[in-house]
Structures are given as structure tokens and as C-alpha cells.
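Notes follow once the structure below has been shown.
The values are calculated or read from the model by the stated rules, or taken from the named source; none is laboratory data. What you see is a predicted model; the values in this text were computed from it and never measured. Reconstructed Cβ throughout: ideal geometry from the backbone, glycine too, with neighbour counts over all protein chains shown. To get the accessible areas, we keep the full protein, side chains included, count just its heavy atoms, and leave off ligands, DNA and RNA. Shrake-Rupley method; radii C 1.70, N 1.55, O 1.52, S 1.80 Å.
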Amino acid sequence: MKRESGITQELFEALLMWLDPDREVAGRKYEVIRVGLIRIFISKGFSDAEDLADQVINRVASRLPDIKSNYVGEPVNYFRGVARNIIHEAQRRKEIAMEVFPKNLNRVTTTTDEYDCLLKCLKLLPSEKHELVLDFYLYDKRDKISHHKRLAQEMGITESNLRVRVHRIRDSLEKCVLRCVEELAMKQIRDPKALVGDD
Amino acid sequence: MIAIVQEDQDKLRKYLLGQLIEEHEEKVELRLLTNADYSEEFGIVENELIDQYVGGTLPAAEREQFEQYFLKATERRDKLAFATAMSKATQVHASGKRGVMHPALIERHHGERRFFTSVYLKAAAIIITALGVGLGAWLLIARRSGEEQALADLRAAYKKQRLIEPRVTKLDYAPLATTRGQGESEVDETLLRRAELQLLKNLDEHPGSNAHHALGRFYLAGRQVDKAIKHLEIAVKQDPDSAQIRSDLGAALLEMGKAELAAQEVGKSAEYFAKSLVEINKALELNESLLEALYNRAILRQHMILTQQAEDDWRKYLEKDSSSRWADEVRLNLQRLEEQRQKGSHNKEYLNQEFLNAYQIKDEGRAWRALSRSRIRTGNFIVEGLLDSYLELVTHGRNAEAEIQLQMLLYAAEIEKREIEDRFTLDLVQFYRGTTANDWQVLAQARSLMKLANEHYNKSEFEQAANAYTQAASLFEIKGDVCEALFAKSWIGYCNLRIPNTQQSLSIFEHLSRVSKAKGYKSLDARALHALSDTQTSLSQFSKAVDYAARSLKLSEEIQDDEQVLRCLQQLVYTNLELGKHQKSLGFGFRALYLSRDLSPAPNLVWPFYSDIALNFYNLGFTTVALDFQKETLRLAIESKMPLLRSRSYARLGLIYEKLQNYDEAIKNGSLALEEAQHITGEHSRLNSVANSSLQLGHVYRQTGDLNRAIAYYNQAIQHYERLNFHNYLYEAHKGRLLAFIGLGDDAAATEELDVALKLFEQYRLAILEESNRNSFFDAGQNIYDIATDFAYTRMGDPRKAFEYTEISRARSLLDLIQADGSVITEESEPDIKHNSVSHPLTLSDIQQQLPDQAQILQYSVLDNKLIIWVISKDKVESKVQEISDDELDRKILEYLRLILKDPGNSRAPEKNAARELYAILISPVEVLLDGQKQICIIPDKFLNYLPYSALISPTTGKYFLEVHQFILSASSNIFLSCSDAARRKAVNGAETLLSVGNPSFDHGQFPTLPDLPSAGSEAVEVAAVYNSMPLIGSAAKEKLIKEEMEEANVIHLASHYVVDNRSPMLSGLLLAKEASDSGLLREADGVLQAAEVYKMRMPQTRLVVLSACQTGIERSYRGEGAVGIARPFIKAGVPVVIASLWPVDSDATAEMMIRFHRYRKQEGLATVAALRRAQLDLLGNSEIRHQRPSVWASFVAIGGLAEF
């Protein structure tokens, strides 16, 4: 469980307690809230969603001693309220002004990087997962539906379960690719010649 | 586990696309925070959405929302990149199953369930079945290399139909598809899919020029031009000597040009065509027998209206291939070109007959079509022909026949009156109806004189032509023929323009325009307005020239006079070319060529378009393309039989050869130009052309290093231009001679020449009045000041003089606005500023004298190969030089900015290293000269305008520049003194009044992606509290009220969004609360305080303006004028100090810094610059790491002058 670094262990424990007296259940709730908050902030266009989610948790934890006794309702409502406030306090930071520095501030990575990384990450997967994730995305439109049905039948699971299973593989792949691309970008910074990409 | 139903998925999808109402949003968000399965489902739907986008299956409405809303966060864009990679991997994976093909087919025979496991297998089976080919044949194919196989598929897919006009290498002939989007496609999609998969796999396994070329070829054939260009450009980089790759890239660029043309982006289209021609020419240089390239060049030249050259290419093609089906298409193209020429050659006869036929059956529509197309420069040839016949018949007593001619004339005149409300022909006919035998002979004589004059004019014998026109005009006037007298006078005006007797010409056309308007002679008015534009061009009054041309163009379009439209376009081509607006000029040029294609006008009418298009391409660096156009120009000149045009054409051809470093051809053409010029019989035209040819020869000899001969030619050009009083070219000749003197090391002559050239160049400030035109013109011409600065500094060892040269090039328009004001004009599509007069900057001695004791100037000059740094104090002028090219410096600055603006979390070492390196270049050389007790005014140059000086780090002490010095930015030393002076005048004691605005309720409908700014609201409240004032927040922050209060307040603090408009910085603005609906380009109360509105304001009371928003300091930077952004109009309005930002800022940190700034300023009594510095140092020393980053605190800078407050 990732704890927001700005709060004390004591506040954090109090927060968990507020979520549920059973620490295990509280831990799960906490994770769901944190992931949910990140999803909300990303959906609202924030690129520092994790920081903002932690800010929400931080604020809630800090105010908990004052509100806990009088608060009525589900804690998530309070989390959401704080998240909304933070969204309203939105920063004026725009995406880096490409209009001003058009060509020269392009991102360091290229689509080739992602692809190269993906190939590396795919190799790290067990072969059945490797095959499954690629097979799953083989078709478009109507072909896709029948294809998924057939795949699910072959595996003896429901289509819905197949969808979730593939999503999880994809999720882990995506994380692996993101890490790999970041490493490549750092390498490119260290070697300025690598900045000359085909963008 | 809670079941997720379809409805949930639909809601999530809508949530992700920002399409849910708030109530439903809340429900989704609460579920996200409570239910892990729902949260996971969210991720799945998110991925599905992205996959649909990547696969191109997202509906159009959702696609837009996806791009504008969904993709806002970086994480989403990362996901998109991942999904794109996944898609590619999946495709490769699918094609990788090729290896199991054979067993699969066997499985089919055994009736196994898992038959078609991939698209590839399905496709292969279809093909085999369809072609009736057995397994053996398939295996034979399978042994081929992947690329060959894909090529075979591609050929087969496009066997019946091709989608693009040019030829693609290695593809066979197929007829061009004539329907787009509709009709039955004859392209085999299955084969294409298989080919693409194979080519992607090839690229993955063997990335190289061949793989990129093959994929580029595939996309090109399928008219996916963007993708094709991307792959073909990579292929060219990797294998620059492949004629085939270059030919295909040329074909792709040609298709891109056609697409831009279809979107009415004529200028952009011209640039793509030029790029295409460059590639195809290279292909043919590498392999002159490459049929695809030859074919494509012919097509391209047809599109570029280089008709003769297209014909030559077609013929060459037939020499190499006369029997293929491609050759049949070539013949068809040649036939079409021939038909077009034939159509043009009997145009006049055809139109006369058309009118006659229409008259006989009284078909007015048909008659008007013939009449409207028969207007040429010497009049309407149908009307002229009828008048000639009438006079001929009536003078020979054939009255009945003459009456028929008169009836036809009346018919024509009435139609003209009805169609375009032009009375000219009607008045003319009515005049002739009233004539008697006494008049006819004189009128016939006058008309003969007109014809004679026209002949003289066509031979550039303008003096003789003017005499004949004058005699004709007198005879017409004697007989009371007002119409023809006016027409003759218009020709006298043209002759005066060419002689040149410009003032005389000006007065004739001004009179003509007035009379034409009064009498309802629209065609004549359009002619006069066009001529006025031409006259103003000769006087280098480009603003007026553009204005007259635009008015004439509008009128010419209204009266459906295509030839006159062409002439107006010519003016617009030329003036935009002169102003350095090449794409715009090309747009007008090609528009004219496309129009002329249907008109088949006289060669001398289209000659200027080719000539100016050539010069535009030349200036844009497409020299070989310029050469093609100039060759066409010469052909037209020869066809026109006008020595003037021939001379001009040779001269410009010489110029182009010079740039191509083909000096033999350059000298040859320059000499031919001079020779042709001697044949011009009109004296003034002759002198003009001799001067022009001499000028070109001067340039060529200077480039070859024969400087003495160059000077001799420049002397000749200058002598003639002085006699002709042609300022435009005189400047160019002096500049050329200056460079020759510098090359020779004749410093005394160079010094003298420099003064003359600069004086001439400075005259343009008086002639170019619009801010936008000035900015582009002086940006392009800045190098004369750089040459002067370098010469004085390096050769003459005179840093004071060098400083003065650099200073007179800086921010002159802003100085003009401060000293002489200007008016905001909104006639065009974008608002602009019209300058009223030109100010005179102070000399260095004056600057030193007026420099406040507490200030020191640190001024930069970025030259081609060096950087000069000046430190100016009241009693000293010191300077240092850094040997660094402008390109190298630009690169370092950009890299530093990139590092500064990177997302937090990365190591800051690269950023700090870059800051140290720039400090070493920009500050270290003069560090000992900087007085720590004084306020430094930094005057940046060129790209240095974007630099946050405060964040530079001393390599010796490790301290930021901000930690040691306090400074302000200014656009020039003169502007600094002007602002300092304003500050002195406004430095009165007593309480300051404040206008504090924050988080205005701006129009979310207009700016849906921008959030409210609560922290800007609290910032405004806190700032107001410091001054015991009331803030304007939310809906109270109305634009009209704010504008009123701005004129009264001492201090203005505006905390809001700033929205940059890419069309023009005049349209960029700060968002405020909307007051009422308003119309017009400059909406006064629409809730956007645009720069154009601020330019109109005066702020007599205002000492300080704080623009607490994103990127308010600089939007664009011009060489010469410097930074242009919303801070600039406040300086113009008389505000001595403006605080603005260089890049988008963090709202919370900004709020914190701004509150501290005002507190330091007001409560601790620090002056503005010192207070800002303290506030920034506070952030730098903040315990929160993110606040310590320069991206957070270094964005805000003080701009203006030295102020005690």
C-alpha cells in the first residue's frame, strides 16, 4: 500500500481506521480510493494526477481530527469533495507551449521507442500470455467479436473474464513499456546526439 | 464482485469523453472510489476507446472529443503511444503466422475447426481459390522474399485501378480512378491488408531504407500521403542516392500539394509542389532514364502551370517509352495541352462570333459571357471592333449597315449596365449616336492614334506612347467624347508610371478614380485603383499599394473582369514579395496562374507572375524551382517580343544561376540582360533595365570575388537609379557596393557607403506603416544593421559606432508608438497598428547622459559569427566579444529551455549544466564590469529574448544570477530610458490606488478546456488587502469596468488566463468576465481583453502592471523589433514597469509569489524590481522542492525602466 509521504504514520493509521475498523478491508479501500482519484484527475486532464491524488489524501488525513466526530456519510464522499476542490483550484499551467518553441521542445521519445520497448517487454511475459495478448487484438469490428468468443470458448472461460484477463496482461505490459521508455529518454539526454530523432 | 452491465460501460465511455452531466459524473466518480471492479472496468473501457482511435474506428463525433478532451493528460498520450505500438506488434504478430500457413491449408482439407486463425491465412486462401492456383504455386510464391511478395500483392491489388495521378516505382499501369469516395472500388483490399502486414514485418525485422521505401510506396499507392512522406523521408535520409526513393517522395509531395490546393491553401500547396520538384529533379539527376520520375515531373509541371516544360517532359518520356499504356496517357495529356493552347489561340475570334450569335437570337446570358471575357487592357475588343466597323461604314456612307453596328453596341452596353451596373459603354454609345459627319474623321484619327500609342507602349517606348495618347485624348475631348478621353488619360497615366514620372501618374489616376466613381464607370475605376496601387509600389509605399490593390481586386471581381483580377493579383504578389511574405505572395501568384489557365491571356500579362513566383521560390531557398519558373518567364518574354521583359528575365535568370554557383551562366545571362536593355527604345525604360542588369552583374561578380568589376557595375546601377529616382533598387545597389568595399578592405569607402545604405533602408520605415508588415520586412532586412555593427566593431575598432548601429535596429516600432502613438486598424481580417510617424533614437552619448545613476545597461548583439556584449554606464562604454555563431547560441538556449520546462522528477543536473554554460557565454565575460549596487537593464537580441536570465548559474560561485543582481528587461536602450523617464514622472508620493482582478468568470463556452482559477481569485484578494483595496473577482471582473478602472489605477494586478491567438498577437488576450454580447473584430466587452484593445488605451496614472498569467511576456520574437506579447501594449500605453511571464506558470506558486511580491513592495517599501527579486528568492529557498525549480520562479520578469517605486 503506497502511503502519501506528507502525512505521519499516526494520521495515516487514523485515516485507515476511518475507512474501516478492519485494517485489511481499510487497506483495500484505501487502494481503491487512491487509484480512483488518479483516474479522476487524469480524466480531468491533469498530468500530475498521482501528486494530486496524494494531495487529496493528505488534506483528508490532516483534517480528519476535526471532522471525524461530526462527519456523516461515506468517507468517499469527503474524498471526492476534496478532489473537486483541488480540481477547481486548477493550475494555470498549460501544456508546454509548443506554439512558442515549436520544433525544439518536442518530446524526447519517439513511437519507435515505444515499439522497441514493447518488443522487449513482450519477451518478458510467459509465452501463453504473450500469445494471448497479441491474439486478442487481432481483429477489428465484427470479426473481433466472433474472434473473442472463439478464444474464450477455447480457454473455457467467459468472454467477460477473457476481457479482464487480457486487460491485466496489457496493464502490466504498459507499465513495463513506460519504464523502458523513460530509461531510453534518460539515455538520450545523456547522449545529446540521440536527440536527433525522426519527429 | 458487482456485475458491470452495458449501461455502465456506456456511462464510463461518456465520462471518459467528458460527455456526462455533473450529476452522472458524480455517480461515476463515487463508484470509482468505492468499487475495484468498476475501477478496473474503467481501465478496460479507456483502453478500448484508445484502440478504436488507433484503429480508425472511432466515430467522427467521438474522435474530436477524444482528441480535445480525452488526450489532455500526459498519461493518456502515453497510453495512446503504447496502443499504437501494440497495434503494430499485433499486425506483425498476425503476419508472423505466415509460417503456419501450410499446415493450416492442410487442416482445411481435414475440415479442422481452427481454420482461419489470421487475416493473412484468410486472404491467402481467398486468393488461391479465386485464382484457381494450386498449392504448388502458392509455395512458389511463399519462397519469395517478403518484400517481393508484398510488392506482388500491391501490384495485384491495384491491377484494375490506381488511386493517385503520379507513377509509383515498381507498380504497373492501371487507369486512374475517376470517382472518389463513391462508386465501386476496384482495389483489392484483402491483398492490401496482407501486403501491409508483410511490409510492417519487414520493417520490424530489417529496418532500413528498403523497408521504409517499400512501406512508403505502399502508403503512397493508397493515397495515405502523410504516412508515405514519413517513411519515404526516412528512406531518403538513409539512402540519399536512390533515384527511385526520391521519385516516390516527389510523387507523395505532389499529392500533398494537390490536397492543400483542394483545401484552398494555395500558398502551402505551392511549397509542397516546390519540394516535390526538388526531389524529382534529384531523382532524374541520379537516373535520367527513370520513367516514373520523368512522368511525375511532367504531371507536376502541369499542376504548376509550367506548361511548356511539362510538354517537353512528356515528349522526352515518349522517346523512352512509346508503347506502354502509360505512353497512351502521356499522349492524352499532350493532346489536352494542345487543345488548351488551341482554345487560347482562337479565343478572340471565337468570342466575337459568340457575341454575334447571341445578339442574333437575343441570348443575353451568352452575350454577356462573350462580352465579359473580351475585356483586355486596351479595352473591350468586341466593343472596339464594333466601333471601328461603325466608323468605317458611316464614313463610307453605308448608313444602314452602320446602324446595325450601333444597335449591336447598344445591346452590349445595356447588357453591361444591367449585369454590372457599369455605364461606360452606354455613355460611349450614346455619344456616338449623337455624332455627325464632322466628328467621324476626327474620332477615327483619335482612335488610330490610340492604336499607334499602344504599339509604342508594347515596345516600352513610353515617351512616344505618351505623346500619341495625349494627342488622342485632346481629339476626343474636342469632340466631347468623355469616355474615350478618360480612357486615353488612363494610358497617359501608365506611361508616366513607366517613364517614370510617378507624381504625375499619381495625380492622373486619383482624378480618374474620382471621375469614374462619379460617373458610374466601374471598370475604369477598377483600372485606376489598380494603377494607383502600382504607383504607390513605385514610391515604396507598400501599405497604400496593398490597400489600392485590394480595393481594385474587390471591384474587379464584382464586375467579373478576370483580366483586371489578374492585374490586381499581380500587385498583391509583388507587394507581399517585397514585404517578405513569401507564402502569401505565392498564394496570390498561383491563384493568378490558375485563373490565367482558363483565360489564355497575353504573355506580357502572365509574365510578372512567373517572374515573381520565381523570386519567391528563390527567397524560400527553392533555387532549382525558381530556375524552372524563370525559364518560363524568359520564354514568355521572348514570346511577348518586348525587350524590356527579355532584359528583366535574363537578369533574374543570372541572379538564380549565381545562387546555384553557376557563375558562367550567371555572367552570361547578366550580359544578355544588359545587351537586351540597350535595345529598348524608350529612354527611361532603357536606363531602368541597364541599371537592373548592372545590379545583377554586380552581385554575380561580387560572388565570384571579382570585387572591382562588381563595384564598376554597382556604380553604373547607382548612377542610373539615382537619375531615375528608384529608391528600392538604389538601396540594393548600395548594399551590394558596401559588401564589395568591405571585401576589398576599403574601409573608408565602406564607411561612406554604409551611411548611404542605412539612410535608404531607414526610409522604408516611413513607407511601411502597418505593424505586421514592418515586423516581417525589418525582420528580413535586419542583416544590414548586423553588417554595420560587425563592420564598425571589427574593422573600424569603433565599439561606440557599432553600438549605435545595433541600437537603431531595436524595437523601433515600439519607440514610434511610445513617442508618436499610432492607430489600431480593423479593416483587414486581423487588427493591425498603423504608425503615424517615425521617431529618432538617441545617440550613445545621449543615452549615457540620460542614463540614471543607479542603472547600468547590459546589451547584446547576436551576429552571424559572434556575440557582442556591451556594458553601458553613465561614464563608460565597455564591450566584450564571444566567438559563437548565432545558430550555436540558439541551439544552446533551446536546449536549456527544454530542460527547464521538463516535467519535475528528472535529474536537474543537465539543466544546471546548461545554465552554467550559458552564464559563461553571456555573463562571465562582463561579470567584473557589472556593478552589484546598480540595477541592470538587460537588452536581449534575437533568441535571447526567450531566456530567463535570473536562472543562469555562475560556474565559479554556483549562484543564480538573481541571487547576485537585480535586473529588468527592455527592448532597447531607448525604450529603457523612455520607461525610466515615465517612471520618474509617475514617482509621486502618497497612497497608490490598486486595481486587483482575479479569477474572472470567463466564458466557459468559448474556452471549454480552461479551468476556473480559484487561487488566482485568492491571490487578487490578498493583493488587494495589501493596498487596502477591493478586488474584482468572478463575475464582478467585467471587461468594460476593468478597462475604465485601468485608466485610473496606479497599480494594476491581473490574475487570469492569457490566451494566445496564433493568427496575430493583436488578437491574444486576458480572459475577463463577459459583459454583453458584442460584435466586430475588436469586441469591446466580450470578456477578452485583447492586445489590440490595450494598444488603444492610455494609462496616465499607471506605474505598474502585473500580468499574473501564462506567457504574457513574449509570444513571438522578431529580429529587430524583439519580443512581442501582451506586455508590449502596456509599455506603449506609458506604463513604466510591467511584470510578465516567459512561459506557462503554476497557479499556486504564482499566487504565493505574487502576494509576497506586493507585500515586499508595499509593506517593506522595496522598489518593484527588488520586491520581485525577493519574492523569487523566497520561492527558491522554499522547502517544497517543486517551488525551487526555475520553471516555477524564473518565468516572471520585470520589463521596462528604472523605477523608484
Could you state, as a whole-number percent, how many of the C-alpha pairs of the stretch B:448-494 are farther apart than 11 Å? 57
Please enumerate, by chain and number, the aspartates and glutamates with C-alpha under 15 Å from the C-alpha of residue B:834, excluding those fewer than 8 residues away in the same chain. B:547, B:770, B:771, B:816, B:821, B:1093
Rounded to the nearest whole number, the per residue volume of the convex hull around the C-alpha atoms of chain B in Å³ is 228
How large is the Kirkwood hydrodynamic radius of the stretch B:440-529, in angstrom, based on all distinct alpha carbon pairs? 12.9
Run lengths n ≥ 4 of DSSP H only: what is the helix-derived mean residue ellipticity at 222 nm for chain B, with -39500 (n - 2.57) per run over all residues, to the nearest 500? -20500 deg cm²/dmol
If you stretched the chain out fully between residue B:719 and residue B:463, how much longer would it get, using 0.36 nm times the residue separation minus the C-alpha to C-alpha distance? 90.1 nm
Contact order relative to length of chain B, as percent, for alpha carbon pairs under 8 angstrom and 6 or more apart: 5
Rounded to 5, the percent of DSSP beta bridges in chain B classed as antiparallel: 55
Size of charge dipole - the protein assembly as shown - debye, nearest 20, with Cβ of Lys, Arg +1 and Asp, Glu -1, no other charges: 1380
For the interface of A with B, what's the total buried accessible surface in square angstrom, probe 1.4 angstrom, rounded to the nearest hundred? 7000
Any residues in the stretch B:22-38 that have 50 Å² or more less accessible area with all protein chains than in their chain alone, probe 1.4 Å, and which are they? B:29, B:30, B:33
Length gain on complete extension for the stretch residue B:1185 to residue B:876, per 0.36 nm per residue less the alpha carbon to alpha carbon distance? 107.0 nm
Filter the cross-link list B:237/B:268; B:362/B:417; B:170/B:230; B:268/B:659; B:584/B:1132 down to pairs whose alpha-carbon distance in this structure exceeds 26 Å. B:584/B:1132
Applied in sequence order to the stretch B:802-812, the curve 6.51 cos²θ - 1.76 cosθ + 1.60 (Karplus, θ = phi - 60°) yields integer Hz couplings, x standing for Gly and Pro, of 4, 4, 5, 5, 5, 5, 6, 8, 9, 6, 5
Just checking the protein assembly as shown: which Cys have no other cysteine's beta-carbon under 4.7 Å? B:483, B:495, B:568, B:937, B:979, B:1110
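Hey, got a sec? Which GluC sites (Glu not before Pro) in the stretch B:822-898 land in a DSSP loop and have at most 14 other Cβ atoms within 10 Å?
Of the GluC sites (Glu not before Pro), the ones in loops of the stretch B:822-898 whose Cβ has at most 14 other Cβ atoms within 10 Å are B:827, B:828, B:883.
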When the accessible area of chain B is computed with all protein chains present and a 1.4 Å probe, what percentage of it is carbon and sulfur? 48
Evaluated over the stretch B:179-306, the Cα radius of gyration and Dmax, each in Å: 15.0, 44
I'd like the accessible area for residue B:494: 1.4 Å probe, protein heavy atoms, all chains in place, Å² to the nearest 10. 0
Please name the residues of the stretch B:1128-1175 whose accessible area, counted over protein heavy atoms with a 1.4 angstrom probe, falls by no less than 20 Å² between the chain alone and the full protein assembly. B:1144, B:1145, B:1146, B:1147, B:1148
Hey, could you pull the Cα Rg and Dmax for the stretch B:591-661, both in Å? 11.8, 37
Take the cross-link list B:348/B:522; B:544/B:759; B:275/B:942; B:258/B:1074; B:88/B:902; B:227/B:631 and give me the ones stretching past 31 Å between alpha-carbons. B:258/B:1074; B:227/B:631
Could you give the accessible area per residue of chain B, probe 1.4 Å, as a whole number in Å²? 39
Efficiency by 1/(1 + (r/R0)^6): what FRET value for residue B:991 and residue A:13, r their Cβ-Cβ distance, R0 = 45 Å, to the nearest 0.05? 0.25
Treating every alpha carbon of the stretch B:304-358 as one equal point scatterer without solvent, the Debye formula yields log10 I(q)/I(0) values at q = 0.25 Å⁻¹ of -0.94
Over the stretch B:726-802, one equal point on each Cα, no solvent: what is log10 I(q)/I(0) by the Debye formula at q = 0.16, 0.17, 0.21 Å⁻¹? -0.59, -0.66, -0.93
Of the residues A:42, B:806, B:87, the Cα lying farthest along the dipole of the protein assembly as shown towards its positive end, which is defined by charges on the beta carbon of Lys, Arg, Asp and Glu, belongs to B:87
Rg and Dmax of the stretch B:722-857 over Cα atoms: what are they, in angstrom? 16.8, 52
Taking N as the number of residues in the stretch B:633-763, what is its alpha-carbon radius of gyration divided by 2.2 N^0.38 Å? 1.03
Which residue, chosen from B:69, B:33, B:43, occupies the Cα position most advanced towards the positive end of the dipole of the stretch B:14-83, where the dipole is computed from +1 (Lys, Arg) and -1 (Asp, Glu) charges on Cβ about the Cα centre? B:69
Taking a cut-off of 22 Å between Cα atoms, list the lysines near residue B:876, but don't count ones fewer than 8 places away on the same chain. B:801, B:934
Show me the trypsin sites (Lys or Arg not before Pro) within the stretch B:988-1066 that DSSP assigns to loop and that have at most 14 other Cβ atoms within 10 Å of their Cβ. B:1063
When 1/r is averaged over all different Cα pairs and the result inverted, which Kirkwood radius in Å belongs to the protein assembly as shown? 36.8
Give the Cα extents of the stretch B:874-973 along the principal axes, in whole Å, largest first. 47, 28, 23
Here the residues of the stretch A:25-58 whose accessible area is at least 30 Å² smaller with all protein chains than in the chain alone (probe 1.4 Å) are A:32, A:39, A:40, A:42, A:43, A:44, A:45, A:47
